[in-house]
Amino acid sequence: MVSKGGKIKSVIVSLFALNIFIPTALGLSFSQESSPELGQLKGFKGSELCRVAENTRYYLETQPQDHFAVHPGKMINNQVTMDKVQQTLAFICRTYREDVRAKRNSRLHDKAFLTEHFRFVRWLPDKKTATEIAGKSSNAAKSRMLNGIPEDEIFLTKYYTKLLDGSPVKTGQYDQALYALPEDEQGLSLAQAEGKKEQLTRFRFSRQQVIAGALLKDKLAKPLVWLTEEALHDVLLQGTGVLKVDGKIRYFNVHRNNGISYDYSIGKREQPRYWYFVETPEIMGYGHDQPSKIAIKPQVTFAGNIAALGVGKLIMVSYLDNNQQVSRLGILADQGGAFDNNLFQLDLLVDSYRGWSDYHSHNAHLPDYARAWILLLK
């Protein structure tokens, strides 16, 4: 007769043998699925997926010291390695390029091809944490969405880069700046800055203090561009601003923050967290410091809990779109403060829009929840 404890031990051993992902909390969050039910593969371009896969793979190869993000996944057993993650990303581009040279339809949009070449690890959400956050939130809509997460689907939010107007100088309308790193931190690496944080301007002020003019008085930081206060809150939330300034489109990306954590339970205007920015040639995703950040593309980039999952995971989500089952691929190549201790949500980068109505008209068909898998090359 096998004891109850012996049965549990036997089950756990069996799960490891099957490459099952074991979470730190009670119950399984990730498990291998041999025959996933997929929909029509659409909503993404193989060329863009390849670009993000290539950029992310380069990050993995050149930034091995970034232990926060460069790892197989905190809950993955030792049969999943960084080599396997990189092979998965390389396979994406190899497949895309072979199809282009052969002048055939993309096999990345072929369900049979994907199930033949990839292992599918089903992701079930951490509903316990989502419910706890919902109970603390003062935002009724947010609480309702978090409480509504199904047992077998993640919360699939969407984010976009804000198309905004700006000014090279301060005006009555454009009276808030995106600031570069303060002058006393210019030239310091991230590690050097962390070593003397108690002396640096960056850690002294909250968002509200900066908005009130704390940096202007003694010219502690250089304004990169000026925008409205409402636009500033949007850019701080989304991490990227796409601004039309004097008729030209310019990109601005978060650089380093003031060390205050994002509070999921309060709104964007109340957040004390503040980011300093840098101008970039395109939209940038994750990177441990600005020079290393990954260039990302809409429709094929997910933001999520990189600390737990590891940057560079190939992810598939599946959902109903106008009564049709749709599946799509993307790369985990971005993050945000909302994903700290969050394994119930992914954020899909959709595009650049002027505002909510523009965004909503293009994305109203996308659902709030979706089944999700992490894909690994067999």
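Identify, from the list Lys111, Lys136, the residue that is of a type in the set (D, E, K, R), touching a residue at least 40 places away in the same chain (Cβ under 8 Å) and farther than 27 Å from Cys50 by Cα.
Lys136
Residue by residue through segment 266-277, note down the ones that are surrounded by 15 or more Cβ atoms within 10 Å (Cβ to Cβ) and in contact with a Lys or Arg (Cβ under 9 Å, 6 or more places away or on another chain).
Selection gives Gln271, Pro272, Arg273, Tyr274, Trp275, Tyr276.
Rundown of residues vs (1) hydroxyl-bearing (Ser, Thr, Tyr); (2) modelled with pLDDT under 95; (3) part of a loop (DSSP other than H, G, I, E, B), yes/no style:
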position	(1), (2), (3)
Ala112	no, no, no
Thr129	yes, yes, no
Glu132	no, yes, no
Thr161	yes, yes, no
Leu164	no, yes, no
Leu181	no, no, yes
Glu198	no, yes, no
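Which of the following residues is touching a helix residue (DSSP H, G or I) at 6+ places or on another chain (Cβ under 8 Å) and over 25 Å from Lys142 (Cβ atoms): Asp234, Asp218, Asp289?
Asp289
Of the residues Tyr319, Tyr369, which single one is more than 17 Å from the chain's Cα centre (by Cα) and at pLDDT 95 or above?
Tyr319
State whether the residues of segment 233-246 include one that is of a type outside the set (Lys, Arg) and loosely packed, with under 15 Cβ neighbours inside 10 Å.
yes
The values are calculated or read from the model by the stated rules, or taken from the named source; none is laboratory data. Computed from a prediction, not measured in an experiment: that's the story for all the values here. As a convention, Cβ positions derive from the backbone with ideal geometry for all residues, glycine included, and neighbour counts pool all protein chains shown.
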